[in-house]
Amino acid sequence: MRVKKRKGAEAILAAHKDLVLTEPANWLESFGNQNSIHIEVGCGKGDFVLGMAARHPEINYVAIDLQSTVISYALDKLLASNLSNVRLLLADGRSLAEYFLPHQVELLYLNFSDPWPKSRHEKRRLTYKDFLQLYEAILIENGEIHFKTDNRSLFEYSLVSMSQYGMIFKQIWLDLHKDLEFAEQNVLTEYERKWADKGPIYRMEAQFVQKNESDL
Ligand code: SAM
């Protein structure tokens, strides 16, 4: 989803090169520790990652989006926080392999990804098989994708795409906000806040499964 361009967004990002990366980075150097790395692809204005980072100071978070405007809004929030475990990455999810080493990422989040409903745009969906291949390469062995959305069609598409890819589902929610136990750990995204009272929120935890030599 394109947002209205913010005047001067690029300059704001350029003034904070320690927090906003636009080129391949040495994450160990950037964070100054060897903690696990969790990433969100399509982070929007960053509420989810900032909320998770506040709850889990022992984890390093990288929030990724291809729009400089939304990353600049996430930066405003990051600067207003005292979090040291968040970095913002202005990049297209298609080029993740340039920014992360193989098996460097422990967990990958997708929240309210753009649905791209037209079938001719299938390749742009962040759960299209080519993206899954990229995610598998940077995630640890048997790594997981945690995905939530209000869009039933995208959710169904993603279940099929991941299943065809050979992933397994550890948990699936068809109405996340009815799960009061999960509510305690559920960090809301901007879109989740906007759409939650208009219908169910779907969520899944899907895992890559190591392929045996004989399957290849
Ligand atoms: N995750 C946020 C939330 O739940 O509020 C934002 C959701 S918004 C609908 C989708 C975001 O994904 C947009 O900010 C868009 O720029 C970003 N996006 C779409 N395709 C992307 C891609 N290939 N790489 C990185 N970000 C992408």
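Summary table below
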read-out	value
Flag for residue 77 being over 25 Å from residue 136 (Cα atoms) and at pLDDT below 95	no
Selection count, the stretch 97-125, where residues are within 19 Å of residue 206 (Cα to Cα), of a type in the set (A, V, I, L, M, F, W, C) and crowded, with 20+ Cβ neighbours inside 10 Å	4
All positions within the stretch 36-83 that are more than 10 Å from the ligand (Cβ to nearest atom) and of a type in the set (D, E, K, R)	55, 58, 76, 77
The stretch 9-29, residues that are without any contact (Cβ under 8 Å) to a residue 12 or more places away in the chain, in a helix (DSSP H, G or I) and either over 15 Å from residue 84 (Cβ atoms) or charged (D, E, K, R) (or both)	11, 14, 29
The lone exception for residue 76 - which of (1) under 11 Å from the mean Cα position of the chain (by Cα); (2) of a type in the set (Asp, Glu); (3) not in a strand (DSSP E or B) it fails	(1)
Scope the stretch 135-162; condition open to solvent by 10 Å² or more (accessible area, probe 1.4 Å), within 26 Å of residue 197 (Cβ to Cβ) and not in a strand (DSSP E or B); matching residues	150, 151, 152, 153, 156, 157, 159
Yes/no for residue 86 being touching a Leu at 6+ places or on another chain (Cβ under 7 Å), open to solvent by less than 40 Å² (accessible area, probe 1.4 Å), away from the ligand (no atom under 14 Å from the Cβ) and of a type outside the set (Phe, Trp, Tyr)	yes
Of all residues making up the stretch 92-115, the number that are of a type outside the set (Ser, Thr, Tyr) and either part of a helix (DSSP H, G or I) or modelled with pLDDT under 95 (or both)	5
Every pair of residues 6+ apart whose Cβ atoms lie under 6 Å, when the first sits in the stretch 132-147 and is more than 22 Å from residue 189 (Cβ to Cβ) while the second is part of a strand (DSSP E or B) and acidic (Asp, Glu)	140/106
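The values are calculated or read from the model by the stated rules, or taken from the named source; none is laboratory data. Just so it is clear, the structure is predicted and the values come from calculations on it, not from any experiment. When we count neighbours, we look across all protein chains shown, and the Cβ atoms used for this are built from the backbone with ideal geometry, even at glycine. Please note that ligands, DNA and RNA were not included when accessible areas were found on the heavy atoms of the full protein model with its side chains. Shrake-Rupley method; radii C 1.70, N 1.55, O 1.52, S 1.80 Å.
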